């Protein structure tokens with residue numbers, strides 16, 4: 001019998017106390033042993049975690065190949081009806097995530113979307129909206145983080161994370177939403193996102209900054225190549241995010257002009273005037 005849900009925890013040199021808190025949060029969920037599968041995919045950490053081989057946790061180790069490869073490995077070995085990604089330095093709030101499990105059990109949707117927080121959270125009454133992934137992409141702003149939703153493994157088909165790039169969620173998430181015929185948008189802060197030094201987003205290395213920017217531009221091209229008008233809103237908002245990151249990461253007018261010139265040549269600029277958000281609207285007026 002396949003488990004109800006597989007949690008794919010990706011791990012690479014994070015403090016083991018973080019990983020332990022992450023795993024304990026999952027194990028605290030009201031799930032029977034046969035309902036839950038926990039996969040920890042170790043992307044070539046320098047030190048083997050002490051929990052490796054612990055009962056109830058399946059440990060998979062690979063040579064360091066990046067987050068995309070680690071998540072793809074987890075997908076390959078997963079057996080659950082639903083998949084949930086969790087980063088090893090984050091954790092879920094069990095009493096809040098119960099709301100996600102309730103939706104899965106009661107409504108069997110293709111995807112359950114929920115919220116994250118950087119503060120403590122507790123279970124409260126929450127609202128839910130039923131829609132579809134394509135409809136959501138057209139009418140809502142998207143947080144692309146792959147840990148922000150649980151989804152049916154069967155809707156993946158051949159979709160996987162693109163290897164070797166940063167911000168891989170930006171390419172994966174819009175495509176999984178396109179495949180979700182039924183989506184529940186849950187107003188519940190079920191995921192704790194931990195920011196700390198040492199993560200990719202905190203690196204000031206010029207090589208990593210350049211790669212981050214190049215990979216976002218690559219993602220824009222890949223999404224555009226899908227030639228799906230349902231992705232237009234996401235592509236436009238990601239274009240604005242890209243412009244903002246160019247400036248905040250480089251503070252170089254020359255670099256900003258150079259990359260904007262590329263975007264204009266490829267048709268990403270000028271931005272169409274839309275009220276996706278106040279930030280987007282103002283940028284589209286003055287770009």
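List every residue pair whose Cβ atoms sit under 9 Å apart, with the two residues 6 or more apart in sequence or on different chains, where the first one lies in region 197-211 and is on the phi < 0 side of the Ramachandran plot and the second, anywhere, is at pLDDT below 85.
Pairs that qualify, where the first residue is on the phi < 0 side of the Ramachandran plot and the partner is at pLDDT below 85, are 201/195; 202/195; 202/196; 208/200; 209/203.
Determine if region 13-27 includes at least one residue that is assigned to a loop (DSSP other than H, G, I, E, B), touching a strand residue (DSSP E or B) at 6+ places or on another chain (Cβ under 9 Å) and closer than 19 Å to residue 75 by Cβ.
There is no residue in region 13-27 that is assigned to a loop (DSSP other than H, G, I, E, B), touching a strand residue (DSSP E or B) at 6+ places or on another chain (Cβ under 9 Å) and closer than 19 Å to residue 75 by Cβ.
Residues of region 238-269 being more than 18 Å from residue 223 (Cβ to Cβ) and outside any helix (DSSP H, G or I), which ones?
Within region 238-269, 251, 252 meet the criteria.
Return the total of residues in region 24-50 being over 21 Å from residue 83 (Cβ atoms), in contact with a helix residue (DSSP H, G or I) (Cβ under 7 Å, 6 or more places away or on another chain) and surrounded by 14 or more Cβ atoms within 10 Å (Cβ to Cβ).
The total comes to 1.
For region 132-153, which residues satisfy the criterion of being over 20 Å from residue 87 (Cα atoms) and crowded, with 17+ Cβ neighbours inside 10 Å? Can you show your working first?
Of the residues in region 132-153, the ones over 20 Å from residue 87 (Cα atoms) are 132-141.
Passing the criteria: 132, 133, 134, 136, 137.
Table: residues versus (1) surrounded by fewer than 16 Cβ atoms within 10 Å (Cβ to Cβ); (2) at pLDDT 95 or above.
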| site | (1), (2) |
| --- | --- |
| 81 | no, yes |
| 88 | no, yes |
| 118 | yes, no |
| 123 | yes, no |
| 129 | yes, yes |
| 158 | yes, yes |
| 166 | no, yes |
| 171 | no, yes |
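Just to be sure before I move on: is residue 188 part of a strand (DSSP E or B), surrounded by 16 or more Cβ atoms within 10 Å (Cβ to Cβ) and either outside the structural domain of residue 217 (by TED's automatic domain parsing) or over 19 Å from the mean Cα position of the chain (by Cα) (or both) in the structure I sent?
Yes.
Among the residues of region 270-280, is there at least one that is out of contact with any helix residue (DSSP H, G or I) (no Cβ under 9 Å at 6 or more places or on another chain) and closer than 26 Å to residue 140 by Cα?
yes
Report yes if residue 42 is assigned to a loop (DSSP other than H, G, I, E, B) and at pLDDT 95 or above, otherwise no.
No: the conditions fail for residue 42.
Among the numbered criteria (1) within 30 Å of residue 125 (Cβ to Cβ); (2) touching a helix residue (DSSP H, G or I) at 6+ places or on another chain (Cβ under 9 Å), which single criterion is violated by residue 107?
Here residue 107 clears every test but (2).
Condition (residue is touching a helix residue (DSSP H, G or I) at 6+ places or on another chain (Cβ under 8 Å) and crowded, with 20+ Cβ neighbours inside 10 Å) applied to region 15-23: is it met by at least one residue?
There is no residue in region 15-23 that is touching a helix residue (DSSP H, G or I) at 6+ places or on another chain (Cβ under 8 Å) and crowded, with 20+ Cβ neighbours inside 10 Å.
Would you confirm, using the coordinates I've provided, whether residue 215 is in contact (Cβ under 8 Å) with a residue 24 or more places away in the chain, within 18 Å of the chain's Cα centre (by Cα) and exposed (fewer than 15 other Cβ atoms within 10 Å of the Cβ)?
No.
The values are calculated or read from the model by the stated rules, or taken from the named source; none is laboratory data. Predicted, not measured: the structure shown is a model, and the values here were computed from it. Quick reminder, even Gly has a Cβ in these numbers, built from the backbone with ideal geometry, and neighbours come from all protein chains shown.
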